[in-house]
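Structure first, commentary second.
The values are calculated or read from the model by the stated rules, or taken from the named source; none is laboratory data. What you see is a predicted model, and the numbers here were worked out from it, not measured in a lab. Neighbour counts are summed over all protein chains in view; Cβ atoms, including those assigned to glycine, are modelled from backbone coordinates with ideal geometry. Note: accessible area is taken over every heavy atom of the protein model, side chains too, but ligands, DNA and RNA are not part of it. Shrake-Rupley method; radii C 1.70, N 1.55, O 1.52, S 1.80 Å.
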Amino acid sequence: MTNRPAAAQHLRDLARLRRVRDRIDREYAQPLDVEALARDAYMSAGHLSRQFRLAYGESPYSYLMTRRIERAMALLRRGDLSVTEVCFAVGCTSLGTFSSRFSELVGVPPSTYRRQAARATVGMPPCVAKQVTRPIRNREAPAPSRG
């Protein structure tokens, strides 16, 4: 026999988490922080982070940065913006943090990606390019071999 009030609360929490995730997807370029997301979801920041990780496999901050890096990849493939312009266009406020996270997820720095991606996706439909160049979630890109 299940505890109905607990099950109902769990479903309400999942709906709130889905709204948080959808908001991150929509507003990734806006200044977002876990405290504000939690406040809007009527949860504490700690509870939101724990529940979000259980539901989606990563923290809200990590999910937000993945969304930003995905969008940055698309902008860098276009080739008409500098790395700094892309950094700020996707909502990052620190070029250093952006470059570090980009390198962790993609495996190369944004400037290198920009040079390589322009050649790699020539003639590829944008929907295919987006899929094959998607960053790796929940794990870092393989370290480049040295030697």
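Of everything in the range 82-99 that is open to solvent by 40 Å² or more (accessible area, probe 1.4 Å) and touching a residue at least 40 places away in the same chain (Cβ under 8 Å), the residue that is nearest to Ala117 (Cα to Cα) is Ala89.
Against the numbered list (1) under 23 Å from Glu27 (Cβ atoms); (2) not in a helix (DSSP H, G or I), Cys87 comes up short only at (2). Listed by position, the helices (runs of 4 or more DSSP H) inside the range 14-81 whose residues that are farther than 18 Å from Arg101 by Cα, open to solvent by 60 Å² or more (accessible area, probe 1.4 Å) and not aromatic (Phe, Trp, Tyr) number at least 2 are 34-40, 45-56.
Only one of the listed residues (Ser99, Ser62) is modelled with pLDDT of 95 or more and among the polar types (S, T, N, Q). That residue is Ser99. Of the residues in the range 122-131, none is modelled with pLDDT of 90 or more, assigned to a helix (DSSP H, G or I), of a type outside the set (Asp, Glu) and under 30 Å from Leu14 (Cα atoms).
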